[in-house]
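Contents: one structure, followed by commentary.
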Amino acid sequence: THLASALNMHVIFGATRPHRHGLLGNALLARWDAHHTEQLRLSKTRWEYRGAVLGCYQPWDGLELSVIATHLALGARTRDAQVRWLLNHPCLQRGPVVLLGDLNSWRPTRATRELARTLEAPPRRTWPRTFPSSAPLLALDRIYTRELQVVKLQVHSTPAARRGSDHLPVVAHMAA
């Protein structure tokens, strides 16, 4: 909430588990206030806590934008099931969609191919390397869209970003 306040943005946070310094989970920061939010539980095991947050916005007259931020499982079978579940969510069945997050997949997999088939991957097929933030080797963080075009995709690599997380943020500029 401190970051959202400093940036004058709205935040949706979904905790997945407690941590000694607070809570771990997924967050969405947006210029618009969401008219509908959900915390989606994606955990399939007791030892790997996964989830997603959903925000539904009305940034344009009459159009609804659904945004999901997620952190998927390490195991391929669990990740495949999580992607199928997310893609079947009612809010992803219509209108503009953005699905983003740490997919824990550094190469093409069944889950990433399904996302690219159902939604759209940016035209640039080489995903930016984001992990580990100290010396990025793997492209784990992705952004998929529907009815929106990714115009520019880049990694935000600053000393503060490297201190703030073990992943570098991905920034996407989009057009309707």
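Using the Cβ atoms and a cut-off under 10 Å, what net charge is assigned to the surroundings of Glu147, where Lys and Arg are +1 and Asp and Glu are -1? Mind dumping the intermediate values first?
Details: positive: Arg94, Arg146; negative: Glu120.
In short, +1.
From the Cα gyration tensor of the stretch 1-54, with a ≥ b ≥ c the square roots of its eigenvalues, which class applies: rounded if a/c is under 1.5, or else prolate if a/b is larger than b/c, or else oblate? Oblate is the answer for the stretch 1-54, as a/c is 1.5 or above yet b/c matches or exceeds a/b.
When the helices of the chain are scored as -39500 (n - 2.57) per DSSP H run of n ≥ 4 and the total is divided over every residue, the value at 222 nm lands at -5000 deg cm²/dmol.
Taking only the alpha-carbon atoms of the chain, what semi-axes of the equivalent ellipsoid follow from 5 times the gyration tensor eigenvalues under a square root, in whole Å, largest first?
Values: eigenvalues 92, 79, 70 Å².
Listed largest to smallest, the semi-axes of the chain are 21, 20, 19 Å.
Would you mind calculating the relative contact order of the chain from Cα pairs under 8 angstrom and at least 6 residues apart, reporting the percent as a whole number?
Working: 350 pairs, mean separation 23.8, N = 176.
Relative contact order, the chain: 14 percent.
If the segment from Arg84 to Arg46 were pulled out straight at 0.36 nm per residue, it would be longer than the present Cα-Cα gap by 11.7 nm.
Sorted by packing (mean other beta-carbon atoms within 10 Å per residue), highest first, where do 139-149, 5-15 land?
On the way: 139-149: 18.8, 5-15: 14.1.
So the peptides 139-149, 5-15, ranked by packing, come out 139-149, 5-15.
Quick one: net charge around Ala73, please, counting Lys, Arg +1 and Asp, Glu -1 for every other residue with C-beta under 12 Å from its C-beta. Here the count lands on +1.
For every other residue with a beta carbon closer than 12 angstrom to the beta carbon of Ala176, add +1 if it is Lys or Arg and -1 if Asp or Glu, then tell me the sum. Local net charge: -1.
Computed from backbone phi with θ = phi - 60° and the Karplus coefficients 6.51, -1.76 and 1.60, the 3J(HN,Hα) list for the stretch 57-66 is 10, 10, x, 10, 3, x, 9, 10, 10, 9 Hz; x is used for glycine and proline.
Restricting the stretch 39-102 to trypsin sites (Lys or Arg not before Pro) that sit in a DSSP loop and have at most 14 other Cβ atoms within 10 Å of their own Cβ leaves Arg46, Arg94.
Please list 97-107, 26-36 highest first by mean number of surrounding beta-carbon atoms within 10 Å per residue.
Details: 97-107: 20.0, 26-36: 15.5.
The densest-packed peptide leads the list: 97-107, 26-36.
Where a number appears in this text, it was derived from the coordinates with a stated rule and is not lab data. Since the structure is predicted, the reported quantities are computational estimates derived from the model, not experimental observations. Cβ: placed from backbone, ideal geometry, glycine included. Neighbour counts: every protein chain shown.
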